[in-house]
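What follows is a short report on a single structure.
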Amino acid sequence: MAFFTSAPIIQLEVKTMSDNFKVTNEIKEEFRNVMCSCMEGSQPQGRHVIYTSMESLPGAMIANTHMNLDEDHPLHQVLKEAGITYGDLALADKDPALGNGGLGRLTACIQEGCATQKIPFTVSTLCYRSGLFCQKLENGMQVETPDNWRSEDGTYFFEFPAPEKAKWVSFIHDGVHDGQYVWVEMVPSAIAQIGAGGGCSLTWVWKVGKIHAPYGMDLTNLKRIDEVLYINDRDIRLMQEYCVSSATVQTAVEECLRQGRPVEDLPKLFCLHINDTHAGLMIPELIRILRDEHHKTLEEAWAIAVELFVYTNHTVLPEALEEWEQWRMNNILPARLVIALQDVDRITRGQLDASPVSLCQQDKERMYIIHDGRVRMANLCIHAAYSVNGVAKLHTQILCDSLLAPFYRYAPRKFCNVTNAVGFRKFLGYSNPELTKLIGAFMDREDWINHPEDMAKLLPHVEEPWLQAQFTAVHAGRKAILADFIRHQRGIYIPEYFLFQVQVKRFHMYKRQLLNCLYILWLYRRIKENKNFDMVPTAFIFGGKSAADYFQAKEVIRLVLALEKLINNDPDVNGKLRVAMVENFNVTNAMPVYTAADVSVQISTAGKEASGTGNMKFMVNGGLTLGTLDGANVEIYEAVGDEGMFLFGLKEHQISAMKGIYRSRSFYEQDSQLREVVDMLTDGSLMTTFPALRHELLDGEYGKAADEFFVLADFRSYVDANRRVWERYRKPEEWAKQCLRNIALSGEFSSDRMVREYESKVWNRQ
Ligand code: NBX
């Protein structure tokens, strides 16, 4: 499979990685050799998975390569002879800014697992010129600046351009109609992820190349297709999705033919994995190509499609369920594509009518792909995919029982759950070598980290005092590193003996950073009232970005920064309380954060977080979860029980029962301490005011119910859970024992387990 293994696409040019550091030809050559030999060394068996995703967040590539190369690999020697350390290289490397958060990072964790297990797996995504913005914290708020993750000439050190693999994608544009399309060339580069033991998986990153259009046409929108992730212009966003979808399907079809196989064999050679609905247009695109270029009937094309696609859902939030206006599709996408989509809608409606499962008209309407002038991408994906999965037990259950209930009744066997997981080699082995060494002392094999179930061998030892002492010492070292990092980055001093209570994730109202903030204000008031207030000195550490146009979430960041200012500078409280926000939280600077937490804050409103993966990164490093029964916290709780997790808050069924009748004001009115902290949002105590947040909590925004995410309802329960944290933290041996026990029980959250489950339940590769 030329595109998947060939050397010719690997052509590194000589270039400077940073102003202060030159990488020699020899080293570049050696990197090239590493990737070639890994690609050639992995002899893929069975069908090839192409994971099409608008996001991928692999993190700095030098770190990824270094972490997985054997100790005797020649690259190490070459670097040594040149007097270059991996530290030097890492300083010159940058995180490819190709994603937002969990969705993108999960892609990279699955990929690293597949590279390690030698599963033929390729990620297909857009190569955004500016990925997600770089976050600066200035004047008490988030400021977005461009993330120039590529060099001036638009290339990245670790990308290997493959112009000979370019694909042309057509659009209707600027009033140009059928027969007179504009054509955009999508040019791929490959970025390689090396697996442990020398496997390799590629990411195809597609860039806009040449554009063919009638003379004089305004090409601005077309040129912006690879400008930025989730671009704030729906026309261009639709073009982005179609470009990735079309280029990916064209590549699969081309490879099938190159191997001398008929297109009917596509499902024997490939599995096209749709990661969230953004690449759902691969479905009508395949139908279009098979009909127009391979003379298949609609029915024949559909029969191929339904064996080829799988779909993973990552959200139940209604606003994130993607829909496109039919008129917009008609205006932008080629007519034959739109016709294919309408035909698929027609076929699937026919299937619903003929179904032996009884479906009422209302059910059927919920399942239509095109309805009320809108194209529902999730419905398109579910109809075409032979496998649909959620990403944690509760999430999959909500999909089956409510959001997608008619689909589940109609085709129950399509649905399954694959609980998310994280790369242990990156988030434990590479990020926390000291802890890795300590665990390793109890393991029977060198490469235990590739066999996460081995970690249970730690279990019989967690009561041993010397091990507890060792763990505490290792963890103290990690806390010192994080404290140092924050001092350098933000100029905030955090004493290392403080409890580190960490909430890092995208800022979103459902993730409830606001609940954490109200609790900090509550603590502030208690200490102000009574300087002997009995508590464990605690540092509240935050990190994460808000979407640039998400006003409320940006207000919450502003609140965190106001708390920093108020609390860290107040000698009455700063002996017991500190607040710090890590700037520009990304894959690279996440590593010192995940390894240093005492408490991992996972407090989303039950039923809203599909899974979460930060919760697992903390767990494997010995951070104890303070959380609601939501997303994969449920699985963490099942693994460690009451003693291993500080559970609080309303359960999903209770939240559902309160919808429509919940009155946040009654909590506000009946609890004077809660009233006091909510009032602080607007009474000037914070030197600035947050009327929109108070309004959201008590009145509700834009016709929505007040306190949509049940912050006030869960407030007291959160206060109580924090008390339980303190009680336990005051018994250091017990605390260390619990951390060790959780680490020992964390094996199921390794991406190696997740990848094996995708193999057995979803990809059907053999
Ligand atoms: O996917 C995230 C979920 O929120 C997490 O609970 C989950 O752990 C993770 C991996 O499964 N979803 C996510 O990151 N989605 C998006 O960022 C997103 C972006 C744009 C959009 C819809 C969703 N239109």
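Matching residues to (1) part of a helix (DSSP H, G or I); (2) touching a residue at least 60 places away in the same chain (Cβ under 8 Å); (3) surrounded by fewer than 20 Cβ atoms within 10 Å (Cβ to Cβ):
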{"position": "GLU708", "(1), (2), (3)": "no, yes, yes"}
{"position": "PHE715", "(1), (2), (3)": "yes, yes, no"}
{"position": "GLU727", "(1), (2), (3)": "yes, no, yes"}
{"position": "ASN742", "(1), (2), (3)": "yes, yes, no"}
{"position": "LYS761", "(1), (2), (3)": "yes, yes, yes"}
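Can you tell me which residue is surrounded by the most Cβ atoms within 10 Å (Cβ to Cβ) among those in the range 245-281 that are touching a strand residue (DSSP E or B) at 6+ places or on another chain (Cβ under 6 Å) and among the hydrophobic types (A, V, I, L, M, F, W, C)?
ALA279
Give the range 482-502 a look and list any residue that's assigned to a helix (DSSP H, G or I) and surrounded by fewer than 20 Cβ atoms within 10 Å (Cβ to Cβ), or say none. Full working, then the answer.
Narrowing the range 482-502 to residues assigned to a helix (DSSP H, G or I): 482-490.
If the condition is that a residue be assigned to a helix (DSSP H, G or I) and surrounded by fewer than 20 Cβ atoms within 10 Å (Cβ to Cβ), then ASP484, PHE485, ARG487, HIS488, GLN489, ARG490 are the ones that fit.
Which residue out of VAL123, VAL169, VAL143 is more than 30 Å from ASN450 (Cα to Cα), of a type outside the set (Ser, Thr, Tyr) and buried (at least 16 other Cβ atoms within 10 Å of the Cβ)?
Within the list VAL123, VAL169, VAL143, the selection yields VAL169.
Name, by its number, the condition in (1) buried (at least 20 other Cβ atoms within 10 Å of the Cβ); (2) farther than 18 Å from ALA721 by Cα that does not hold for GLN552.
(1)
Go through (1) more than 14 Å from the ligand (Cβ to nearest atom); (2) hydrophobic (A, V, I, L, M, F, W, C); (3) closer than 18 Å to SER189 by Cβ for LEU137 and report which single condition fails.
Just one mismatch for LEU137, condition (3).
For ASN516, indicate whether it is buried (at least 17 other Cβ atoms within 10 Å of the Cβ), closer than 25 Å to LYS704 by Cα and out of contact with any Gly (no Cβ under 9 Å at 6 or more places or on another chain).
yes
Just to be sure before I move on: is TRP302 at pLDDT 95 or above, over 27 Å from the mean Cα position of the chain (by Cα) and surrounded by fewer than 19 Cβ atoms within 10 Å (Cβ to Cβ) in the structure I sent?
No: the conditions fail for TRP302.
What's the number of the only condition in (1) in contact (Cβ under 8 Å) with a residue 40 or more places away in the chain; (2) among the hydroxyl-bearing types (Ser, Thr, Tyr); (3) surrounded by fewer than 15 Cβ atoms within 10 Å (Cβ to Cβ) that SER358 fails to meet?
(1)
Among the helices (runs of 4 or more DSSP H) contained in the range 620-672, which hold 3 or more residues that are surrounded by fewer than 16 Cβ atoms within 10 Å (Cβ to Cβ) and either among the β-branched types (Val, Ile, Thr) or modelled with pLDDT under 95 (or both)?
By residue number, no helices (runs of 4 or more DSSP H) qualify.
Tell me which residues, restricted to the range 217-235, are assigned to a helix (DSSP H, G or I), away from the ligand (no atom under 12 Å from the Cβ) and either surrounded by fewer than 20 Cβ atoms within 10 Å (Cβ to Cβ) or under 20 Å from the mean Cα position of the chain (by Cα) (or both).
THR220, ASN221, LYS223, ASP235 - these are the residues of the range 217-235 that are assigned to a helix (DSSP H, G or I), away from the ligand (no atom under 12 Å from the Cβ) and either surrounded by fewer than 20 Cβ atoms within 10 Å (Cβ to Cβ) or under 20 Å from the mean Cα position of the chain (by Cα) (or both).
If you go through the range 309-320 one residue at a time, how many are of a type in the set (A, V, I, L, M, F, W, C) and touching a Leu at 6+ places or on another chain (Cβ under 8 Å)?
Of the residues in the range 309-320, 3 are of a type in the set (A, V, I, L, M, F, W, C) and touching a Leu at 6+ places or on another chain (Cβ under 8 Å).
Take VAL593 and decide whether it is in a helix (DSSP H, G or I), buried (at least 21 other Cβ atoms within 10 Å of the Cβ) and away from the ligand (no atom under 16 Å from the Cβ).
yes
For the range 276-314, name all the residues that are part of a helix (DSSP H, G or I), within 16 Å of the ligand (Cβ to nearest atom) and not β-branched (Val, Ile, Thr).
Within the range 276-314, the subset part of a helix (DSSP H, G or I) is 277-279, 282-294, 298-305.
Next, only the ones that are within 16 Å of the ligand (Cβ to nearest atom) stay: 277-279.
Listed by number, the residues that qualify are HIS278, ALA279.
Tell me, please, whether a residue that is at pLDDT 85 or above and within 27 Å of LEU559 (Cβ to Cβ) can be found in the range 146-160.
yes
What are the residues in the range 687-696 that are in contact with a Leu (Cβ under 6 Å, 6 or more places away or on another chain) and either hydrophobic (A, V, I, L, M, F, W, C) or not in a helix (DSSP H, G or I) (or both), if any?
Initially, the range 687-696 is screened for residues in contact with a Leu (Cβ under 6 Å, 6 or more places away or on another chain), giving 690, 693-694.
If the condition is that a residue be in contact with a Leu (Cβ under 6 Å, 6 or more places away or on another chain) and either hydrophobic (A, V, I, L, M, F, W, C) or not in a helix (DSSP H, G or I) (or both), then PHE690, LEU693 are the ones that fit.
Using the structure shown, decide if ILE370 is farther than 25 Å from VAL634 by Cβ, in contact (Cβ under 8 Å) with a residue 12 or more places away in the chain and either of a type in the set (Ser, Thr, Tyr) or crowded, with 16+ Cβ neighbours inside 10 Å (or both).
Yes, satisfied.
Can you name every residue in the range 81-124 that is assigned to a loop (DSSP other than H, G, I, E, B) and among the small types (Gly, Ala, Ser)?
ALA82, GLY83, ALA97, GLY99, GLY101
May I ask you to list the residues in the range 315-334 that are modelled with pLDDT under 95, part of a helix (DSSP H, G or I) and either within 16 Å of the ligand (Cβ to nearest atom) or charged (D, E, K, R) (or both)?
Hits for the range 315-334 are PRO318, GLU319, ALA320.
Among the listed residues TYR386, TYR410, TYR430, which satisfies the condition of being buried (at least 20 other Cβ atoms within 10 Å of the Cβ), more than 16 Å from the ligand (Cβ to nearest atom), on the phi < 0 side of the Ramachandran plot and of a type outside the set (S, T, N, Q)?
Among TYR386, TYR410, TYR430, only TYR410 is buried (at least 20 other Cβ atoms within 10 Å of the Cβ), more than 16 Å from the ligand (Cβ to nearest atom), on the phi < 0 side of the Ramachandran plot and of a type outside the set (S, T, N, Q).
Is there any pair linking a residue in the range 100-118 that is more than 14 Å from the ligand (Cβ to nearest atom) to one that is of a type in the set (Ser, Thr, Tyr) and not in a helix (DSSP H, G or I), with Cβ under 7 Å and at least six apart or on different chains, and which?
As it stands, the answer is CYS114/SER201; ALA115/SER201; LYS118/SER42, since those pairs meet every condition given.
Regarding THR605, is this residue modelled with pLDDT of 95 or more, out of contact with any Cys (no Cβ under 8 Å at 6 or more places or on another chain) and either more than 14 Å from the ligand (Cβ to nearest atom) or closer than 30 Å to GLU434 by Cα (or both)?
No; evaluated as a whole, the condition is false for this residue.
How about the range 570-590: which of its residues are part of a loop (DSSP other than H, G, I, E, B) and touching a helix residue (DSSP H, G or I) at 6+ places or on another chain (Cβ under 7 Å)?
Listed by number, the residues that qualify are ASP572, VAL573, ASN574, LYS576, GLU583.
Name the residue, out of ALA610, ALA553, that is in contact with a His (Cβ under 9 Å, 6 or more places away or on another chain), within 16 Å of the ligand (Cβ to nearest atom) and not in a helix (DSSP H, G or I). Steps first, please.
On the way: ALA553 fails: not in a helix (DSSP H, G or I).
Answer to the selection: ALA610.
Could you grab the pairs with beta carbons closer than 6 Å, sequence gap of 6+ or different chains, first residue in the range 136-149 and without any contact (Cβ under 8 Å) to a residue 24 or more places away in the chain and among the β-branched types (Val, Ile, Thr), second one surrounded by 15 or more Cβ atoms within 10 Å (Cβ to Cβ) and assigned to a strand (DSSP E or B)?
THR145/CYS134
Identify, from the list TYR550, TYR519, the residue that is within 27 Å of LEU229 (Cα to Cα) and either without any contact (Cβ under 8 Å) to a residue 40 or more places away in the chain or of a type in the set (Phe, Trp, Tyr) (or both).
TYR550
In this structure, is GLU55 within 16 Å of the ligand (Cβ to nearest atom), under 21 Å from VAL310 (Cβ atoms), charged (D, E, K, R) and not in a helix (DSSP H, G or I)? Even if it seems obvious, please write down each step before you answer.
Working: within 16 Å of the ligand (Cβ to nearest atom): yes; under 21 Å from VAL310 (Cβ atoms): yes; charged (D, E, K, R): yes; not in a helix (DSSP H, G or I): yes.
So GLU55 passes the test.
The values are calculated or read from the model by the stated rules, or taken from the named source; none is laboratory data. Quick caveat: nothing in here was measured; it's all calculated off a predicted structure. Cβ coordinates were reconstructed from backbone atoms using ideal geometry, including for glycine residues, and neighbour counts include every protein chain displayed.
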